[in-house]
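Taken together, the values in this text are just the output of simple stated rules run on the coordinates, not laboratory data. Quantities reported herein were computed from a predicted structural model and do not represent experimental measurements. Glycine also receives a Cβ, built like all others from the backbone with ideal geometry; neighbour counts cover every protein chain displayed.
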Amino acid sequence: MIFILLTRAHDYTVQHYLETWGRDARGTVTTIHYEDLAFGARLRPGTYIFSDLERLNDAQLELAKLAWRTMAARPDGFRLLNDPSEALRRYELLKTLHADGINGFQAYRLNNGRLPEKFPLFLRRESEHDGAISPLLHSRAELDRAVEESLARGVRRDDLLAVEFCDTADAAGVYRKYSAFRVGDQIIARHALFSRKWVVKVPDETEQQWVDEERDYLAAHPHEAALRKVFDLAHIDYGRVDYSLLEGRIQVWEINTNPTISVAPHKLAAGRLVAQQMFMKQLRSAWEVLDLKNDATPAELCVPRELARRLNVNPLRRSRRALARGIKWVAKRPFIQNA
């Protein structure tokens, strides 16, 4: 069985897939919420993917690390992807890719004293995948105003990133956003989206020439070797990388460890269905390779009281859960009559 760990509010990323394209994977793939691990858990043997790492707060991240260590001590029963102690989140990833010479642009946190010097740039949240939250900013004054407006909307300063704008439009003004999944050792081309907007969240161009180009991209998978290096630098075994090309070189926007796997077929332009079927077939094969079937005993996740407090676990609910698990364990034990 493959268990994908994620936050409760964002399990749609997998559930939509299991309800549509992935119905035949329901017996192989399921989800577990980090919020439920906070009570302690009996972790069934199998493959565990630690996803949604970008969204975890400090206490949740500590919980994820505890769960990883608990299962890593049992290699006979567990296969683990995305070590939460090693996987790079957005800022660290962009910083590493620039230092390694892969990305030509930089990102800046706005709570550590260092301010960007190169414009234009834009603001985005480090913990979310909603893209730019500002227009392109061309001066320090525009940046200061945009920061104040973001703070007024409730965005935390320590969650703000300023990212230099990297213009990857072609001569006709069309932007391409490529995406690829990593699932264990396999890198699978996901899609190519085309738009005349610099923030490409949905494909605005879906005429036949773009349908053909997307299909050719999935069939050729031309950037696999470069993307494998990026995933390895990030210490990420499962996720989706979003990127474009500048003068033939990849420029990576992010790696999402809890990517939306698919949207319902009826929401896609009809011409794109063939390419999506190509990806889904490869993904199904990747699940089969990743699936770990064994009869090992479960691992017990014990959450320290102080960590449970930081996770806002109600002590009474915690006690009730522990009691319920104990009752289930006793009920499964064979009855032995006294002599």
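Residues in the stretch 120-141 that are in a loop (DSSP other than H, G, I, E, B), over 21 Å from residue 104 (Cβ atoms) and within 19 Å of the chain's Cα centre (by Cα): 127, 128, 129, 130. Of all residues in the stretch 236-284, exactly one satisfies the criterion of being surrounded by fewer than 14 Cβ atoms within 10 Å (Cβ to Cβ), within 21 Å of the chain's Cα centre (by Cα) and in contact (Cβ under 8 Å) with a residue 40 or more places away in the chain, namely 264. The set of residues in the stretch 89-100 that are in contact (Cβ under 8 Å) with a residue 40 or more places away in the chain and touching a strand residue (DSSP E or B) at 6+ places or on another chain (Cβ under 8 Å) comprises 90, 91, 93, 94, 97. Filtering the stretch 25-48 to residues that are without any contact (Cβ under 8 Å) to a residue 60 or more places away in the chain and more than 25 Å from residue 59 (Cβ to Cβ) leaves 26, 27.
Taking the criterion of being aliphatic (A, V, I, L, M) and closer than 30 Å to residue 148 by Cα, the residues of the stretch 67-125 that qualify are 88, 93, 94, 97, 99, 107, 110, 115, 121, 123. For the stretch 103-151, a residue qualifies if it is in contact with an Asp or Glu (Cβ under 9 Å, 6 or more places away or on another chain) and among the acidic types (Asp, Glu), and the qualifying residues are 126, 128. Restricting the stretch 30-89 to residues that are among the acidic types (Asp, Glu) and over 18 Å from residue 292 (Cα atoms), the residue that is surrounded by the fewest Cβ atoms within 10 Å (Cβ to Cβ) is 58. Consider the stretch 1-29 and keep the residues that are assigned to a helix (DSSP H, G or I) and of a type in the set (Lys, Arg). The one that is surrounded by the fewest Cβ atoms within 10 Å (Cβ to Cβ) is 23.
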